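Participant: One structure coming up, written as structure tokens, with questions to follow.
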Amino acid sequence: MSKNKLIPELRFPEFINYGKWLEKKLGQVGEPLMCKRIFKDQTTPNPENGIPFYKIGTFGKEPDSYITLELYEEFKAKYNFPKKGDILISASGTIGRLVVYDGEPAYFQDSNIVWLGHDGKEVSNDFLYYCYSIVSWQTSDGGIIKRLYNSDLKAISINFPENEIEQQKIATCLSSLDELIAAHNDKLDALKEHKKGLMQNLFPQEGQKVPNYRFPEFENDGEWNKMELGDLVSIKGRIGYRGYTKDDIVAQGNGAISMSPSNISDNGSLSFEKSTYITWDKYYESPEIMLEDGFTVLVKTGSTFGKVAHISNLKEKTTINPQLVVLKPNEIDKYFLYLIVSNTSVQKQIVATVVGGAIPTLSQDSISKFEVMVPREKEQQKIASCLLALDELISILSNRIEELQQHKKGLMQGLFPKIES
């Protein structure tokens, strides 16, 4: 039998002697509510003089539907409507996405977006937000909830301190950390936009033979050269008969990493925290796909085809799985290679070339025929140096955000009581 001590591991000093927290079902705290149903013929995609209508697909994003001000005012006056500060919860799709209602005019899809109607005296919305953040949105048998019904929400248990000042102190602590994470994310987004702008100006656009912006020392170097990617790199993939089975997969420390698309983030950075390891025999069987710093890897098969990463700072011996190919630079700067393959021009060619079907696939032959524009070596190096410095800043900031998120996770584990068996 499990026993809940209802005392957190971490507690602010002034509350150490305040005793156990309370445990209640959400149905004891308030009543699940939702807005009145809006029908399709009552919405418009035109935002002019309209009020945003958030469906489950646009929840927490930009709206694509609107309702008239008159309908908004009528429904808001007659039917359930969230108050400023209420926590809206996605009740279908990805269950448990949270948005704090900011009070601005907006309407929300019935039954798919719900909230808990309560007076906030027993549990403040600020604290309740973090209660929701650690809820396991599962059925009683451990399955994933496909739709959050009112009965499901009412049955969820939360723990909270009876003292409202302690609730507020915990919420303030965690929200300050959230604000710091959000500020770092804003900086990260700004850096990514800056890089995007640089890429557009430092590389020739479609139909051009020189970029919009050129470093002064290269202004008289003439046009960039159009070449095929296969003339600049060696392209290697895992040979079919050298594939591996479950029997070839081993524990960490007993073999080499077999890189997969999941090791590559959307911005091209690498993470090996969750990796598949294969036997040393399988690793040494294919020396042509052993990874080295300076290589570029490209996802050629599967739903994430086109993802690209530059290999650097490898800590362990690493090869690739059948979904990837290795691009080994011959007549091109190593980092410049990564930049042109990840740039819009080649990515468009990837989308146009990929063979559809159940599993989208690029052939090595088609990859070798991608057309690229290339300047002389010194200009390649200058562009690569400029963007590498920016990518390093992006990587540092991304790592900092991950550290803050892990710190928040650990802090929440300490600030909320644990269930002990």
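The values are calculated or read from the model by the stated rules, or taken from the named source; none is laboratory data. Values in this document were obtained by computation on a predicted structure and should not be read as measured data. Counting neighbours? That spans all protein chains shown, and the Cβs are built from the backbone with ideal geometry, glycine included. Ligands, DNA and RNA are excluded from the accessible area calculation, which covers all protein heavy atoms including side chains. Shrake-Rupley method; radii C 1.70, N 1.55, O 1.52, S 1.80 Å.
Participant: Of all accessible surface on region 1-55 at a 1.4 Å probe, what whole percent is carbon and sulfur?
Facilitator: Of the solvent-accessible surface of region 1-55, carbon and sulfur hold 51 percent.
Participant: Ok, one more. Estimate the FRET efficiency between Asn163 and Gln200 by the formula 1/(1 + (r/R0)^6), using the beta-carbon distance for r and 56 Å for R0, to the nearest 0.05.
Facilitator: 0.55
Participant: Round to the nearest 0.05 the FRET efficiency obtained for Glu122 and Thr245 when R0 = 56 Å and r is the Cβ-Cβ distance.
Facilitator: 0.50
Participant: Let me ask something else about it. Summing -39500 (n - 2.57) over the DSSP H runs of n ≥ 4 in the chain and dividing by its residue number, what mean residue ellipticity at 222 nm do you reach, to the nearest 500 deg cm²/dmol?
Facilitator: -10500 deg cm²/dmol
Participant: Counting only the backbone N, which residues of region 199-228 are under 19 Å from the spot 7 Å out from the Cα of Lys348 toward its beta-carbon?
Facilitator: Of the residues in region 199-228, 199-213, 224-228 have backbone N under 19 Å from the label point off Lys348.
Participant: Can you work out the accessible area per residue across region 288-421, with the rest of the protein chains kept in place, probe 1.4 Å, in square angstrom?
Facilitator: The answer is 48 Å² per residue.
Participant: To continue, here is another question. Less than 21 Å apart at the alpha-carbon level, and either on another chain or at least 8 residues along: which lysines does that give for Lys55?
Facilitator: Once the sequence-local lysines are set aside, what remains near Lys55 is Lys36, Lys40, Lys76, Lys78, Lys83, Lys84, Lys146.
Participant: Continuing with the same structure: Take the alpha-carbon centre of region 33-83, take the same for region 202-265, and report the distance between them in whole Å.
Facilitator: 46 Å
Participant: Which of Ser303, Ala256, Gly240 sits closest to the plus end of the dipole of region 163-318, meaning its Cα is farthest towards the positive end, when Lys and Arg get +1 and Asp and Glu get -1 on the C-beta?
Facilitator: Value computed over the given set: Gly240.
Participant: Continuing with this model, one more query. Between Ala171, Ala182, Ala358, which gets the highest mean-square fluctuation from a Gaussian network model of the chain, Cα cutoff 10 Å?
Facilitator: Ala358
Participant: What is the log10 of I(q)/I(0) for region 1-160, computed with the Debye formula using one identical point scatterer on each Cα and no solvent, at q = 0.15, 0.16, 0.18 Å⁻¹?
Facilitator: Debye curve over Cα of region 1-160, log10 I(q)/I(0) at q = 0.15, 0.16, 0.18 Å⁻¹: -0.85, -0.94, -1.12.
Participant: For the chain, what does the relative contact order come out to in percent, with C-alpha contacts under 8 Å and a separation of six or more?
Facilitator: Answer for the chain is 18 percent.
Participant: Once you put a point 7 Å from the Cα of Ser368 and another 7 Å from the Cα of Asn46, both along the Cβ direction, what distance in nm separates them?
Facilitator: Roughly 5.6 nm, to one decimal.
Participant: When the C-alpha atoms of region 21-85 are aligned to their principal axes, what extent does each axis show, in angstrom, from largest down?
Facilitator: That works out to 49, 26, 20 Å along the principal axes.
Participant: Of the beta bridges DSSP finds with both residues in the chain, what % are antiparallel, to the nearest 5?
Facilitator: Beta bridges within the chain, antiparallel portion: roughly 90 percent.
Participant: Using amide H atoms built in the peptide plane, which far-off residues or other-chain residues are under 5 Å from Ser258 H to H?
Facilitator: Thr276, Tyr277, Ile278, Thr319
Participant: On a straight-distance basis, which lysines could pair with Lys20 in a cross-link, Cα separation under 25 angstrom, same-chain partners fewer than 8 positions away excluded?
Facilitator: Partners within reach: Lys3, Lys5, Lys121, Lys154, Lys169, Lys408, Lys409, Lys418.
Participant: Find the Rg to Rh ratio for region 297-421, where Rh is the Kirkwood radius over alpha-carbon pairs and Rg uses the same atoms.
Facilitator: Using Cα coordinates only, the ratio equals 1.12.
Participant: Right, something else. Can you tell me how much longer the chain between Phe272 and Asn17 gets when fully stretched, taken as 0.36 nm per residue apart minus their C-alpha distance, in nm with one decimal?
Facilitator: Length difference between fully extended and current span is 87.4 nm.
Participant: Something else about it: So if we plug the beta-carbon distance of Glu179 and Tyr79 into 1/(1 + (r/R0)^6) with R0 = 35 Å, what FRET efficiency do we get, rounded to 0.05?
Facilitator: After rounding, the FRET efficiency stands at 0.55.
Participant: Can I ask one more? Taking amide hydrogens as modeled 1.01 Å from N in the peptide plane, which residues meet the under 5 Å criterion relative to Ile7, leaving out close sequence neighbours?
Facilitator: It is Trp21, Lys418, by chain and number.
Participant: Moving on to the next point. Using only the Cα atoms of region 254-321, each taken as one equal point scatterer with no solvent, compute I(q) by the Debye sum, divide by I(0), and report log10 of the ratio at q = 0.28 Å⁻¹.
Facilitator: Rounded to two decimals, the profile gives -1.42.
Participant: Let me ask something additional. Kindly provide the GluC sites (Glu not before Pro) of region 185-250 that DSSP labels as loop, not H, G, I, E or B, and whose Cβ sees at most 11 other Cβ atoms within 10 Å.
Facilitator: Answer in residue order: Glu206, Glu219, Glu223.
Participant: Computed on alpha carbon atoms, what radius of gyration and Dmax characterise the chain, expressed in Å?
Facilitator: Rg and Dmax of the chain, Cα atoms, are 27.0, 79 Å.
Participant: Send over a whole-number figure in Å² for the accessible area per residue of region 130-257, probe 1.4 Å.
Facilitator: Accessible area per residue, region 130-257: 60 Å².
Participant: Tell me the volume per residue, in Å³, of the convex hull enclosing the alpha carbons of region 156-263.
Facilitator: Here the figure is 336 Å³ per residue.
Participant: About its Cα centre, how strong a charge dipole does region 301-421 have in debye, to the nearest 20, once Lys and Arg get +1 and Asp and Glu get -1 at the Cβ?
Facilitator: Taking the Cα centre of region 301-421 as origin, the dipole is about 160 debye.
Participant: Is there a pair in Lys307/Lys382; Lys236/Lys282; Lys307/Lys369; Lys192/Lys317 whose C-alpha atoms are over 26 Å apart, and which pairs would that be?
Facilitator: Exceeds cut-off: Lys192/Lys317.
Participant: Then there is this: Which aspartates and glutamates, on any chain, are close to Lys328 with Cα under 12 Å apart, when same-chain ones fewer than 8 places away are left out?
Facilitator: Partners found: Asp231, Glu288, Glu292, Asp293.
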